[in-house]
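Reviewing the structure listed below.
Every number here is computed from the coordinates shown, using simple stated rules; none is lab data. Note that the coordinates shown come from a computational prediction; the quantities given were computed from them, not determined experimentally. In this analysis, Cβ positions are derived from the backbone assuming ideal geometry, glycine residues included, and neighbour counts consider all displayed protein chains.
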Amino acid sequence: MSITNLETQFTTLRCAYHLERFPSLATRLDRLRRIRAMLIENESAWCEALSEDFGYRSADQSSFADITTSIKSVNHALKNLKFWMKAERRTPDLSLRMSGAKTYVEAFPKGVVGIVSPWNFPINLAISPLVSVLAAGNRAYIKPSEATPATSALLEKLISDYFSEDEVAVACGDVDVAQAFVKLPFDHIIYTGGETVARHIMRDAAENLVPLTLELGGKSPVIVSSSADLAMTAKRVAFGKYFNAGQICIAPDYLLIDAERLEPFLSELKSAVENTDSSQGSADSVSIVNNRHRQRLENLVSEGESKSGRVIKLSGNNQSAYELTVVIDPADEAGINTSEIFGPVLLIKTMGGLSEQIAYINKSSHPLVIYYFGRSEAEFRRVACETSSGGLVKNDVIFQYANDDLPFGGVGGSGMGKYRGEYGFKEFSNSRAVYKSGFIDVSGFVTPPYTDVFRMVNK
Ligand code: NAD
């Protein structure tokens, strides 16, 4: 996609927005249904493209994570959009109420929204924002990841089959296209990806004062309380590292556990992994997306090991791919302590006591999510009140994303803004404050010369 074409396409979307600034409920529902049809009618093509891009990606995992999850979001919006679009009445203060004034908030489309999506769930992380963007009545322009070219090309083709070019468009291309894309004068941009690129996008967006939603990553910790059921914790953490080969922004990144519980936990983790057909190359597995990422993971593990960490490989022996691996207590200076892992490697740090664990989490930027495993509500409440993160989960991993009725997003270093469900509708809407003056002329009281009535009302 050339820069000129980007601008032309953007102008097409912008003009269409100007011609239809407030699409009706029926129009929005029709667009949402077309997203659903595009997902359902092409499921096997999507799964094949995903597998081609990853080297191998289980069709069941693709279907579950990218297709079904996206369809659920469409269905949730179809069911609730009518209520989200309703103006919300607000109560004016007494003096304005006495004058007969009426106030409410109504959501209007922002205009043309840019969606910059990543490679790890290339369909869901383009479609899930798209659902919110179209529900809110906007036009959408998507820049999918160049790291998954087959899926991005399919997205471009199918979007043009199911939508007119002035409703939704896709711009495929490398980083130079991405850089030009985020310089366009959008009415809002949602970016999902890493922190370094997010800084560039913020600078570019600042030129046009474009509002941003940033869905970033980071290191999401798992606190293992002394009250935790270790077998359940191990099983669920293993799932979080196995699913999509741990290439998930909300994957458990590192685990904090009391030194005395480490060996029992490792033994539970080993049996959880043995009971899962998670080895790379198996029919239900997902490969690391490319050699660069495989190399990055290998470096994190070998450096961790060389810096006094203990390394345990938990599954399989396929030479060409990466296996579920645990790195325990590497020295502070090892990169694995600070870099987001984003793969099937689990960092374990032994440290006892909730206070110490909370202090450790608070030393770094706010994570996307904090996972707590244990039975104590009091401890869970302490974690809630003494830390900050985009989400907070007790005794599970990842499934919070499956609930469209929860906001999704980070805080601080893990991002800004929240979307999905009603939160997404609001994020991509301009919530307009509407004030309708009453039958009494309020301005008469506030215009000098001031009277006793003004002084009385002003109290
Ligand atoms: P990526 O390399 O696929 O990049 C993401 C997008 O940014 C792509 O569309 C790419 O074209 C674009 N891009 C690249 N350079 C750019 C630039 N200079 N200017 C503008 N756009 C540019 O993905 P990634 O960054 O490797 O993604 C992995 C990261 O994303 C991880 O940190 C992960 O935690 C995070 N992530 C977050 C979420 C979330 O919802 N919070 C979800 C998935 C991934």
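Overview of results
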read-out	value
GLU356 vs. criteria of a type in the set (Asp, Glu), out of contact with any strand residue (DSSP E or B) (no Cβ under 7 Å at 6 or more places or on another chain) and free of Cβ contacts under 8 Å to residues at least 24 places away in the same chain	yes
Failed condition for CYS172, given (1) more than 15 Å from the ligand (Cβ to nearest atom); (2) surrounded by fewer than 22 Cβ atoms within 10 Å (Cβ to Cβ); (3) of a type in the set (A, V, I, L, M, F, W, C)	(1)
Any helices (runs of 4 or more DSSP H) falling wholly within the stretch 1-119 and containing at least 3 residues that are among the small types (Gly, Ala, Ser)	43-54, 69-84
Whichever residue in the stretch 147-176 is in contact with a Leu (Cβ under 7 Å, 6 or more places away or on another chain) and not in a strand (DSSP E or B) and, among such residues, is nearest to LEU134 (Cα to Cα)	ASP166
In the stretch 179-204, the residues that are more than 10 Å from the ligand (Cβ to nearest atom) and surrounded by 20 or more Cβ atoms within 10 Å (Cβ to Cβ)	LEU184, PHE186, HIS188
Some residue of the stretch 86-95 being within 30 Å of ASN290 (Cα to Cα), touching a strand residue (DSSP E or B) at 6+ places or on another chain (Cβ under 9 Å) and among the hydrophobic types (A, V, I, L, M, F, W, C)	no
Extreme residue, farthest from the ligand (Cβ to nearest atom), among residues of the stretch 404-420 that are part of a helix (DSSP H, G or I) and at negative phi	GLY413
Among (1) away from the ligand (no atom under 16 Å from the Cβ); (2) under 21 Å from TYR360 (Cβ atoms) - the single one ALA251 does not satisfy	(1)
In the stretch 205-237, the residues that are over 30 Å from ALA378 (Cβ atoms) and more than 9 Å from the ligand (Cβ to nearest atom)	ALA205, ALA206, GLU207, ASN208, LEU209, VAL210, PRO211, LEU212, THR213
Residue in the stretch 426-446 that is on the phi > 0 side of the Ramachandran plot and in a strand (DSSP E or B) present	no
Tally of residues being of a type in the set (Ser, Thr, Tyr) and either surrounded by fewer than 17 Cβ atoms within 10 Å (Cβ to Cβ) or over 20 Å from ALA283 (Cβ atoms) (or both) across the stretch 37-55	1
